[in-house]
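One structure below.
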Amino acid sequence: MLLAVIAASSCKKETRSLNLSFTPVGTLATPNDNADVKLDPTSSADVLFKWDAASTEDGGVILYEVAFDKDGGDFSKPVYKVLSDGAGVQPQVTITHKDLNKIANAAGIAASSTGKLKWAVIASKGTNSKPSSQSRTLMLDRPAGFAENPAELYISGSATEGGTDLSKAVKLKKNEEGLFEIYTSLKAGDYIITDKNTDGGKQYYIDNGIIKEGATPVVISGAEKTYRLNFDFTSATAKSVEIQSIGLYMSAYGKEIGTLNYVGNGVFEAPKIAVEFYQFDWGRDERYKFIIHTAAGAEYVGSVNPNNDAPAGKPASYFYLVPVTNDQWNNTYKFDPSADRKNVKVDVMLQSNAYTHKVTVL
């Protein structure tokens, strides 16, 4: 019995209540009150938010969040909160213009407008949290464009190659963050722009060249034509240009030796082009690139490399197409030697992956 009492006594632990008291943040250092920030979400620009640390008697850890609210808000329901640097322990945080643009959007500040945004610092120790004794106001000047760019983009509808079946929506190529492009045919009908090829995606429409969010279809009239469509969500602008054909340009002749026509799914094709290398004193020249003929004029596409060797054994990237100048010799490819005095089939694939081409000797 005595041993049991001793064992029970030895199992007792000393307990102490957790001290959750602390003095909240008092002084906000930067940015200044009513600071005016012209946002450039496409750049690496940022804003440093800094404040005096909260104080605690026992030296316990305090975590910080910067809270943002609409002009006139009391931070009871902030529109956005950001944990401070160092996983919340440092009395500062650096926020990019891109994220500030999202926060401004959440606060109801429209694109291409200026609005006020309040900020304060919420300090917490355990379950006890306290807002800073002061808050400040930011004047944010938002550019045109969307705060959240779609990760993917599709078109679907009776005017498109995929028809009205959303699962067969035509996917656009993502050139950069917020920038999408597609070569496709459109016929009389309409189409929607969406970020998903399933139900529930965000939808967009075009109003006088401006991209807006909403389910209004884009209406197409007239005969079926091939287009290049460009959607720039960073500036909320859209452009379309009619594509008439693609020419196979041979450098030594200084002219096109064949024409590729659109066959669907972003592919232009010439089933048979006669190729003959040009005879110079030093040998036979086999260099070529392409000309895209649009309703707005000619555009050259070719190799990213100024000079190239023969294609045998080269990786797929050898055949990639990028915009180039109209220089007669630079950024050209070389035909395989077996193409000399033969017919070739040429395909240019301007699809949602890398733009590329293929030459098949017949």
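Restrict the check to the stretch 87-106 and report whether at least one residue is under 26 Å from the mean Cα position of the chain (by Cα), farther than 24 Å from Leu63 by Cβ and surrounded by fewer than 16 Cβ atoms within 10 Å (Cβ to Cβ).
The answer is no, given that none of the residues of the stretch 87-106 is under 26 Å from the mean Cα position of the chain (by Cα), farther than 24 Å from Leu63 by Cβ and surrounded by fewer than 16 Cβ atoms within 10 Å (Cβ to Cβ).
Go through the stretch 160-207 and report how many residues are not charged (D, E, K, R) and not in a strand (DSSP E or B). Give the steps one after another, and end with the answer.
The first filter runs over the stretch 160-207 and keeps only residues not charged (D, E, K, R), leaving 160, 162-164, 166-167, 169-170, 172, 175, 178-180, 182-186, 188-189, 191-194, 197-198, 200-201, 203-206.
So of that shortlist, the ones also not in a strand (DSSP E or B) come out as 160, 162-164, 166-167, 169, 172, 178, 188, 197-198, 200-201.
So the count comes out to 14.
Within the set of pairs 6 or more residues apart or between chains, which connect a residue that is closer than 30 Å to Gln279 by Cα inside the stretch 239-252 to a residue that is at pLDDT 95 or above and outside any strand (DSSP E or B) with Cβ atoms less than 6 Å apart?
Ser251/Gln328; Ser251/Trp329; Ser251/Thr332
Would you mind finding the one in Asp99, Asp58, Asp40 that is modelled with pLDDT under 95, out of contact with any His (no Cβ under 7 Å at 6 or more places or on another chain) and either part of a loop (DSSP other than H, G, I, E, B) or β-branched (Val, Ile, Thr) (or both)? Before the answer, list the steps.
Details: Asp99 fails: either part of a loop (DSSP other than H, G, I, E, B) or β-branched (Val, Ile, Thr) (or both); Asp40 fails: out of contact with any His (no Cβ under 7 Å at 6 or more places or on another chain).
Only one candidate qualifies: Asp58.
Quick check, is Val89 at pLDDT 90 or above and either outside any loop (DSSP other than H, G, I, E, B) or within 30 Å of Leu20 (Cα to Cα) (or both)? Please lay out each step first, then the result.
Working: at pLDDT 90 or above: yes; either outside any loop (DSSP other than H, G, I, E, B) or within 30 Å of Leu20 (Cα to Cα) (or both): yes.
In short, yes.
Only one of these is under 18 Å from the mean Cα position of the chain (by Cα) and either exposed (fewer than 15 other Cβ atoms within 10 Å of the Cβ) or polar (S, T, N, Q) (or both): Thr194, Thr216. Name it.
Of Thr194, Thr216, the one residue that is under 18 Å from the mean Cα position of the chain (by Cα) and either exposed (fewer than 15 other Cβ atoms within 10 Å of the Cβ) or polar (S, T, N, Q) (or both) is Thr194.
What's the total number of residues in the stretch 129-159 that are part of a loop (DSSP other than H, G, I, E, B) and within 26 Å of Ala236 (Cβ to Cβ)? Write out each step before concluding.
Going through the stretch 129-159, the residues part of a loop (DSSP other than H, G, I, E, B) turn out to be 132-135, 142-153, 157-159.
Filter again for within 26 Å of Ala236 (Cβ to Cβ), leaving 142-153, 157-159.
Count: 15.
Would you confirm, using the coordinates I've provided, whether Val361 is buried (at least 16 other Cβ atoms within 10 Å of the Cβ) and touching a residue at least 12 places away in the same chain (Cβ under 8 Å)?
Working: buried (at least 16 other Cβ atoms within 10 Å of the Cβ): no; touching a residue at least 12 places away in the same chain (Cβ under 8 Å): yes.
Answer is no for this residue.
Among the residues of the stretch 24-69, how many are touching a Lys or Arg at 6+ places or on another chain (Cβ under 8 Å), surrounded by fewer than 17 Cβ atoms within 10 Å (Cβ to Cβ) and charged (D, E, K, R)?
1
Using beta carbons and a limit of 6 Å, which pairs, at least six apart or on different chains, have the first residue in the stretch 152-166 and without any contact (Cβ under 8 Å) to a residue 12 or more places away in the chain and the second one loosely packed, with under 15 Cβ neighbours inside 10 Å and not in a loop (DSSP other than H, G, I, E, B)?
Within 6 Å, the pairs are Gly162/Lys168.
May I ask you to list the residues in the stretch 118-141 that are buried (at least 22 other Cβ atoms within 10 Å of the Cβ) and within 26 Å of the chain's Cα centre (by Cα)?
The one that is buried (at least 22 other Cβ atoms within 10 Å of the Cβ) and within 26 Å of the chain's Cα centre (by Cα): Leu140.
One residue is enough: does the stretch 299-310 have a residue meeting the conditions of a type outside the set (S, T, N, Q), in a strand (DSSP E or B) and either at pLDDT below 95 or farther than 14 Å from Met349 by Cα (or both)? Spell out how you get there, then give the answer.
Looking only at the stretch 299-310, we keep the residues that are of a type outside the set (S, T, N, Q), and these are 299-302, 304, 306, 309-310.
Applying the additional criterion that residues be in a strand (DSSP E or B) yields 299-302.
Now restrict to residues that are either at pLDDT below 95 or farther than 14 Å from Met349 by Cα (or both): 299-300.
Looking through the stretch 299-310, at least one residue is of a type outside the set (S, T, N, Q), in a strand (DSSP E or B) and either at pLDDT below 95 or farther than 14 Å from Met349 by Cα (or both).
In the list Val263, Val322, which residue meets the criterion of being outside the structural domain of Lys225 (by TED's automatic domain parsing) and either touching a residue at least 60 places away in the same chain (Cβ under 8 Å) or out of contact with any Gly (no Cβ under 8 Å at 6 or more places or on another chain) (or both)? Steps first, answer last, please.
On the way: Val322 fails: either touching a residue at least 60 places away in the same chain (Cβ under 8 Å) or out of contact with any Gly (no Cβ under 8 Å at 6 or more places or on another chain) (or both).
After ruling out the rest, the residue left standing is Val263.
The values are calculated or read from the model by the stated rules, or taken from the named source; none is laboratory data. Predicted model only: the values in this text are computed from it and were never measured. Backbone-built Cβ (ideal geometry, glycine too); neighbour counts: all protein chains shown.
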